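Before any comments, here is the structure.
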Amino acid sequence: MHIIVCVKQVPDTANVRINPETNTLIREGVESIMNPFDEYALEEALKLKDEHGARVTVITMGPPQAGVILREAMARGADDAVLLTDRAIAGADTLATSYILSLAIRKLNTKPDLVLFGKQAIDGDTAQVGPGVSEFLKYPLVTYVKSLTVKDGVFTAETMMDEGVDVLEGKLPVVMTVVKEASTPRFASLGGWINAKETEIPAWGAKEIEADIAQCGLDGSPTKVVKIFAPPVKTGGKKMDGLQTPGDAVNEIVRLLKEKGGR
Ligand SMILES: Cc1cc2nc3c(=O)[nH]c(=O)nc-3n(C[C@H](O)[C@H](O)[C@H](O)COP(=O)(O)OP(=O)(O)OC[C@H]3O[C@@H](n4cnc5c(N)ncnc54)[C@H](O)[C@@H]3O)c2cc1C
């Protein structure tokens, strides 16, 4: 069984800084981490490795320094990794990102059994890349997975729904997005770090994955982030003290609304 996990490097901060010219994130000088949701996807892959001896490959698309999260994933137990980095693929939107990841996945293995993603990235927050890659790979998609088992090429997955869970069963290959309720990510071992430090991680660009440049990066992205800004913090709001009953509260709210509405 070959499992490929897509992990994204994200800023380790709530207050991201945006480049006012390109409307893309300023990553320089900002602490970066593995996207927290991807840690759960990686853990699901490592559990299947423990149980079935699966091969686990981690890939990331990002600036050269994104290689750090690949070493972290290998220190936790992943077998190999690939860094997708190239100026031509930078600033990509979710479609261009999905395109690049799907080409790299195909180059790694024409038919991987399982491709795992985190539920979403904490910076772009679109949750679109997993579904995008499943479309490019023409693989079925199962999202919001909170538990996963595999037996004889058949998966059983519990998926989070608003009202409880759905239990889905199906044949591999499949693309899945994983939620944080799935597991507790393991820590990297010292031995794991030593191995990871010594491992050569290949860096692929648009050429190595035979990407059509017209579908890559900022220019190849149909979505243009026109403006990113921190929404104004809402202030004010009226605290309604001393009202005896809910009915009193309703009457007071109606009175205020009428006053505001001038009627
Ligand atoms: C503030 C902000 C707003 C943005 N808004 C949009 C927007 O509205 N539309 C748009 O198209 N793009 C947008 N982008 C760009 C978007 O971040 C990138 O396209 C990005 O590569 C993927 O989208 P995402 O961050 O939403 O990831 P998501 O789709 O939320 O990520 C889901 C999963 O996909 C995998 N993944 C995502 N990116 C990578 C990667 N680079 N390498 C490996 N695995 C990955 C991870 O497993 C991750 O958990 C925005 C970026 C920022 C910072």
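The values are calculated or read from the model by the stated rules, or taken from the named source; none is laboratory data. Keep in mind that what you see is a predicted model, and the values were worked out from it rather than measured. Note that each Cβ is placed from the backbone with ideal geometry, even for glycine, and that neighbours are counted across all protein chains shown. For the accessible areas, the whole protein counts, side chains as well, though only heavy atoms, and no ligand, DNA or RNA atoms are used. Shrake-Rupley method; radii C 1.70, N 1.55, O 1.52, S 1.80 Å.
Details
- Value of relative contact order over the stretch 98-174, rounded to a whole percent, pairs C-alpha under 8 Å and six or more apart: 27 percent
- Unit charges at the beta carbon, dipole of the stretch 77-214: most positive-side option, Ser134, Val154, Leu95: Val154
- Sulfur and carbon atoms: percent of accessible area, the stretch 2-215 [1.4 Å]: 52 percent
- Full extension of the segment from Asp50 to Lys180, taken as 0.36 nm per residue of separation minus the current Cα-Cα distance, would add 44.8 nm.
- Inter-part distance where the stretch 66-98 and the stretch 152-179 are each reduced to a Cα centre, Å: 25 Å
- Spin-label pair Ala230-Asp125: with each label point 7 Å from Cα along the Cα-Cβ axis, the two points sit 1.3 nm from one another.
- Lys-Lys pairs in the stretch 2-215 that are eight or more residues apart or on separate chains and whose Cα atoms lie under 17 Å of each other come to 15.
- Charge context of Phe117, other residues only, Cβ under 10 angstrom, K/R +1, D/E -1: +1
- Per residue accessible area of the stretch 2-215, 1.4 Å probe, in Å²: 49 Å²
- Highest mean packing comes first when the peptides 205-212, 194-201 are listed by Cβ atoms within 10 Å, giving 205-212, 194-201.
- Contour excess over end-to-end distance, with Cα ends at Asn251 and Val154 and 0.36 nm allotted per residue: 29.0 nm
- Three-way shape call for the stretch 2-215 based on the alpha-carbon gyration tensor, with the a/c threshold at 1.5: rounded
- Computing FRET efficiency as 1/(1 + (r/R0)^6) for Thr110 and Glu208, where r is the C-beta to C-beta distance and R0 is 22 Å, gives about 0.90.
- Rounded to the nearest 10 degrees, the inclination of helix 67-76 to the longest alpha-carbon principal axis of the chain is 80 degrees.
- When +1 charges are put on Lys and Arg Cβ atoms and -1 charges on Asp and Glu Cβ atoms, the dipole computed for the stretch 183-235 relative to its Cα centre reaches about 520 debye.
- C-alpha long axis of helix 246-261 to longest principal axis of the chain, angle in °: 90 degrees
- Estimated inter-spin distance, Glu31 and Phe187, nm [label 7 Å along Cα→Cβ]: 1.8 nm
- Relative contact order computed over the chain (Cα-Cα under 8 Å; 6+ residues apart), in percent: 24 percent
- Rounded tilt (10° steps) of 36-52 against the dominant C-alpha axis of the chain: 40 degrees
- Global form of the stretch 78-133, assessed from the alpha-carbon gyration tensor, a/c cut-off 1.5: oblate
- Chymotrypsin sites (Phe, Trp or Tyr not before Pro) restricted to the stretch 180-223 and DSSP loop, no more than 16 other C-beta within 10 Å: Phe187
- Counting only DSSP beta bridges whose two residues both lie in the chain, roughly 45 percent are antiparallel.
- Neighbour net charge for Gly242 - beta-carbon separation under 13 angstrom, K R +1, D E -1: -1
- Packing, taken as the mean count of other beta carbons within 10 Å per residue, orders the peptides 116-125, 220-229 from highest to lowest as 116-125, 220-229.
- Antiparallel %, DSSP beta bridges [both residues in the stretch 37-184], to 5: 50 percent
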